[in-house]
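Worksheet: one structure, shown below.
Quick note: the coordinates plus some simple rules give every number you see, no bench work behind them. All of these numbers come straight from a predicted model, not from anything done at the bench. All Cβ positions, glycine included, derive from the backbone under ideal geometry; neighbour counts span all protein chains shown.
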Amino acid sequence: MEGKFYTVNQVAEILGMHHKTIRKFITQGKLVANKLGKQWRISEEDLNSFMKQDVNTSDEDIKEDEEIEFSTNEINLSIIRPKINVSTVIEINEIDMEQYMRISNTLIAIMNCKDPSVGKSTMNMKYSKEDNRLRVMLWGTMKFTEEMLSTISLFTESTNLY
């Protein structure tokens with residue numbers, strides 16, 4: 001039995017990302033793909049593996065983020081912080097272009113604020129005019145995700161978008 005194969009554009013649609021981001025993942029070796037003529041094809045199995053892995057963390061990132069102090073007497077628990085990252089997809093339906101622009105500009109401003117809580121967090125947004133739908137994909141620290149969800153909640157509650 002043969003598995004299903006996807007094009008770069010189909011994977012981009014499934015993940016709610018830009019096709020250039022998917023191509024970047026392929027060239028970086030983060031997403032396994034096979035070239036068929038001039039087109040890339042991604043197997044369903046490789047796509048599932050890709051979605052399960054953490055594409056933004058490398059061994060170097062982990063080494064930079066470790067802050068564990070060892071002592072012969074005791075461990076300073078205030079210095080140890082677990083490395084927890086959260087990923088989520090938020091789908092906002094029945095949103096017009098004006099509302100989309102307000103939300104996206106605010107979220108981009110938060111990402112560009114250089115707040116340490118943002119760290120190496122990422123955000124991708126995709127607005128569908130036909131469906132009046134905004135998808136926001138977040139990956140990052142719990143504090144970052146909480147801040148972004150809180151901001152989105154303020155916009156959606158104040159405009160009665162559910």
Completion exercise
From the cross-link list Lys4/Lys129; Lys20/Lys143; Lys24/Lys129; Lys38/Lys126; Lys20/Lys129; Lys24/Lys52, the entries with a Cα-Cα span beyond 24 Å are Lys4/Lys129; Lys20/Lys143; Lys24/Lys129; Lys38/Lys126
Handout entry: Cα gyration tensor shape of the stretch 86-158, rounded if a/c is under 1.5, else prolate or oblate by comparing a/b with b/c
Key = prolate
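How big is the charge dipole of the stretch 5-52 about its Cα centre, in debye rounded to the nearest 20, if each Lys and Arg gets +1 on its Cβ and each Asp and Glu gets -1 on its Cβ?
Here the size comes out at about 300 debye.
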Fill in the blank from the handout: Distance in nm between Thr106 and Thr88 label points, each 7 Å along Cα→Cβ, equals 1.5 nm
Practice task
List, in order, the whole-Hz ³J(HN,Hα) value for each residue of the stretch 4-11 obtained from phi through the Karplus relation with A = 6.51, B = -1.76, C = 1.60 and θ = phi - 60°; use x for Gly and Pro.
Solution key: 7, 10, 10, 7, 4, 5, 5, 5
Handout entry: Residue among Leu15, Gln28, Trp40 farthest towards the positive dipole end of the stretch 5-52, charges placed on Cβ
Key = Gln28
Completion exercise
Taking a ≥ b ≥ c as the square roots of the Cα gyration tensor eigenvalues, with a/c under 1.5 meaning rounded and otherwise prolate when a/b beats b/c or oblate if not, the stretch 5-52 comes out rounded
